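Undergrad: Have a look at the structure that comes next, please.
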Amino acid sequence: MRLTLDIPDDIAARLAAAHGDLGRAALGWLALDGYRAGALSRYQVQRLLGLGTRWEAEEWLGARWATAQYTAADLDQDRAALDRLLGPANP
């Protein structure tokens, strides 16, 4: 999908001075907001930004304080799965 934004020239110049490539900056803002909102996965952020590895995506997100979306319920499910596979940690 191609997206076009109309930005007044004076504002575009100020934003470009602060952020460099505005297209890349806008894509980054969309990726970050989508990840934080739960609309995008880490892998989707990686694809959207053209990052080569999972670790590049993790680093990119971490530099922007976008923490992994891992809930207490996720932890409980993981612990239950490990208990089924390995037995209880504290029998």
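Undergrad: Among the residues that make up the stretch 32-44, is at least one of them in a loop (DSSP other than H, G, I, E, B), in contact with a Gly (Cβ under 8 Å, 6 or more places away or on another chain) and free of Cβ contacts under 8 Å to residues at least 40 places away in the same chain?
TA: Yes, the stretch 32-44 contains at least one residue that is in a loop (DSSP other than H, G, I, E, B), in contact with a Gly (Cβ under 8 Å, 6 or more places away or on another chain) and free of Cβ contacts under 8 Å to residues at least 40 places away in the same chain.
Undergrad: If I filter the stretch 38-91 down to residues being among the acidic types (D, E) and under 20 Å from the mean Cα position of the chain (by Cα), which single residue comes out as modelled with the lowest pLDDT?
TA: D74
Undergrad: Give just the number: which of (1) in a loop (DSSP other than H, G, I, E, B); (2) closer than 25 Å to T4 by Cβ does R24 not satisfy?
TA: Among (1) in a loop (DSSP other than H, G, I, E, B); (2) closer than 25 Å to T4 by Cβ, the lone unmet condition for R24 is (1).
Undergrad: Evaluate the following for L82: is it in a helix (DSSP H, G or I) and not small (G, A, S)?
TA: Judged against the criteria, L82 is a match.
Undergrad: Could you give me the residue pairs with C-beta distances under 7 Å whose first residue belongs to the stretch 7-30 and is in contact (Cβ under 8 Å) with a residue 12 or more places away in the chain, whose second residue is surrounded by 12 or more Cβ atoms within 10 Å (Cβ to Cβ) and among the small types (G, A, S) wherever it lies, and which are 6+ apart or on separate chains?
TA: L22/A12; L22/A16
Undergrad: Within the set of pairs 6 or more residues apart or between chains, which connect a residue that is under 10 Å from Y35 (Cβ atoms) and in contact (Cβ under 8 Å) with a residue 24 or more places away in the chain inside the stretch 64-79 to a residue that is surrounded by 11 or more Cβ atoms within 10 Å (Cβ to Cβ) and of a type in the set (K, R) with Cβ atoms less than 6 Å apart?
TA: The qualifying pairs are A66/R36.
Undergrad: Let me ask something else about it. Within the stretch 19-78, take every residue that is surrounded by 15 or more Cβ atoms within 10 Å (Cβ to Cβ) and among the small types (G, A, S) and give me the one that is farthest from A89 (Cα to Cα).
TA: A26
The values are calculated or read from the model by the stated rules, or taken from the named source; none is laboratory data. Everything numeric here is computed off the predicted structure, so don't read it as measured data. Using ideal geometry, Cβ is built from the backbone for each residue, glycine included, and neighbour counts are taken over all protein chains shown.
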